[in-house]
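The values are calculated or read from the model by the stated rules, or taken from the named source; none is laboratory data. This structure is a prediction, so every number in the text was calculated from the model and none was measured. FYI the Cβ positions are ideal-geometry reconstructions off the backbone, even for glycines, and counts take in every protein chain you see. We work out accessible area using only protein heavy atoms, side chains counted, and drop any ligands, DNA or RNA first. Shrake-Rupley method; radii C 1.70, N 1.55, O 1.52, S 1.80 Å.
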Amino acid sequence: MARSPTLAELRRHAIARSLFKPVTLPSAIRRLGFVQADPMRAPARAQDLILFQRVRGYRAGDLERRYERLGIEEDAFVNYGFLPREMLALLHPRTPRQPWDAATTRRAREVLEFVRERGVVHPREVGQAFAHHGRVAGYWGGELNASTRLLEDMHHHGWLRVRRRESGTRVYEAMQHVPQDDSPAARLARAEALVDAIVALYAPIPSPSLGYLVTLLRYGAPHLTVEARAVIKSAHARYGHAVVDGVTWFWPADENPTSRRHLPVDGVRLLAPFDPVVWDRRRFEMLWGWAYRFEAYVPAAKRTMGHYALPLLWGEDMVGWANLRLERGRLHHEPGFAVARPRDAGFKRALDEELARFEVFLKPEN
């Protein structure tokens, strides 16, 4: 039996398996299996920041510009984001946790007919045609057209798909998912594949975090909740695992966290708050010994790290964070450190190199 990994080996494994050598955009999406999306741009959207660290020559907005040619989809998984098209068969047909009432179903059918007649629609067109639907409260305050919210719900219910984005706005077309084998064995197999995708993305993962992520799977596959729980119960037989400092950790069965091939990344990396390396705040604190906080929705006076602090990785040490902003074409950075700024001269050089990479990443191609 292989020996249990140390916490340092788990940390090295977490970095090396996720921050792989840059590849093409399609290959990176397939390898990750899911790229979380976020509309906030500070200085770029989360999906662009995540892919920037893993795709050769990636520029902010490449995912949106190339979306229609990539064979991918926007949809719900454990969060909302981008995933390989073949994953749709695991998530759909989706039985939502909150079915529509008769009135909402009638409005959705009217909007679906409108979309089918036009082929592809922008929410603005639907809002104009169905202004009589009224307005509803927005997610982050204010109001939006009820038809805009309905389009989002129709997408989640599987009636629509995102054809493309225009300046960040989802543009929809009609969608009909093929029926799936609904036998107990087939349902369990789909749940196993979804939990496998979670483990593949976030491993090595502590047991409490795996349980939490499977709970979040109710967002993308609410109809497989019972089967997903069954997968968790058999996790020790399905995945590699070990108890380290009293906590059980899991990873894909064919991986070895103790392998000497897991080398730390070179230089400095500034990671998105939703990057797989740092997404699990519980794991972050266990691996690096301090608590990273995402404070974009915290009142400015109460922030300790800043509006959109990007975790700052140097080699295998998470030494702090940085807030970046682009002003008049120039990138400004405000770093913070968990303990103290590294005194090694190599750190300053590596940080300067990372900031230079960011400047290229944020500039549109000619």
Looking across the stretch 213-243 at residues that are touching a residue at least 40 places away in the same chain (Cβ under 8 Å) and not aliphatic (A, V, I, L, M), the single one that is nearest to Ala189 (Cα to Cα) is Glu227
For the stretch 236-269, give me each residue that is at pLDDT 95 or above, crowded, with 18+ Cβ neighbours inside 10 Å and outside any strand (DSSP E or B).
Tyr239, Pro257
Look through Glu117, Glu192 and report the one residue that is in contact with a helix residue (DSSP H, G or I) (Cβ under 6 Å, 6 or more places away or on another chain), at pLDDT 95 or above and acidic (Asp, Glu).
Glu192
Do we find that Phe284 is open to solvent by 10 Å² or more (accessible area, probe 1.4 Å) and either polar (S, T, N, Q) or within 18 Å of the chain's Cα centre (by Cα) (or both) in this structure?
no
Read through the list (1) under 24 Å from Gly267 (Cβ atoms); (2) touching a residue at least 40 places away in the same chain (Cβ under 8 Å); (3) among the aliphatic types (A, V, I, L, M); (4) out of contact with any Phe, Trp or Tyr (no Cβ under 7 Å at 6 or more places or on another chain), then give the number of the only condition that Ala28 fails.
(2)
Condition set among the β-branched types (Val, Ile, Thr), at pLDDT 90 or above and farther than 20 Å from Pro93 by Cβ, scope the stretch 120-162, selection farthest from the chain's Cα centre (by Cα): answer is Val126
Got at least one residue in the stretch 10-24 being more than 24 Å from Thr258 (Cα to Cα) and out of contact with any Leu (no Cβ under 7 Å at 6 or more places or on another chain)?
yes
Testing Pro179 on (1) closer than 24 Å to Pro84 by Cβ; (2) in contact with a helix residue (DSSP H, G or I) (Cβ under 8 Å, 6 or more places away or on another chain), one condition comes back false. Which one is that?
(2)
Only one of these conditions is not met by Arg343: (1) assigned to a loop (DSSP other than H, G, I, E, B); (2) under 29 Å from Ile198 (Cβ atoms). Which number is it?
(2)
Out of (1) in a loop (DSSP other than H, G, I, E, B); (2) more than 29 Å from Ala200 (Cα to Cα), what's the single condition that is false for Glu353?
(1)
Output for the stretch 309-325, where each listed residue is open to solvent by 20 Å² or more (accessible area, probe 1.4 Å), part of a strand (DSSP E or B) and either at pLDDT 95 or above or over 17 Å from Ala42 (Cα atoms) (or both)
Trp314, Asp317, Val319, Trp321, Asn323
What are the pairs, 6+ residues apart or on separate chains, where a residue within the stretch 251-268 that is in contact (Cβ under 8 Å) with a residue 24 or more places away in the chain has its Cβ under 7 Å from a residue that is loosely packed, with under 15 Cβ neighbours inside 10 Å?
Asn256/Ala2; Thr258/Ala2; Thr258/Arg3; Gly267/Glu353
Looking at the stretch 1-44, which of its residues are of a type in the set (D, E, K, R), under 30 Å from Arg328 (Cα atoms) and open to solvent by 40 Å² or more (accessible area, probe 1.4 Å)?
Arg41
All conditions in (1) in a strand (DSSP E or B); (2) modelled with pLDDT of 95 or more; (3) surrounded by fewer than 14 Cβ atoms within 10 Å (Cβ to Cβ) are true of His332 except (2)
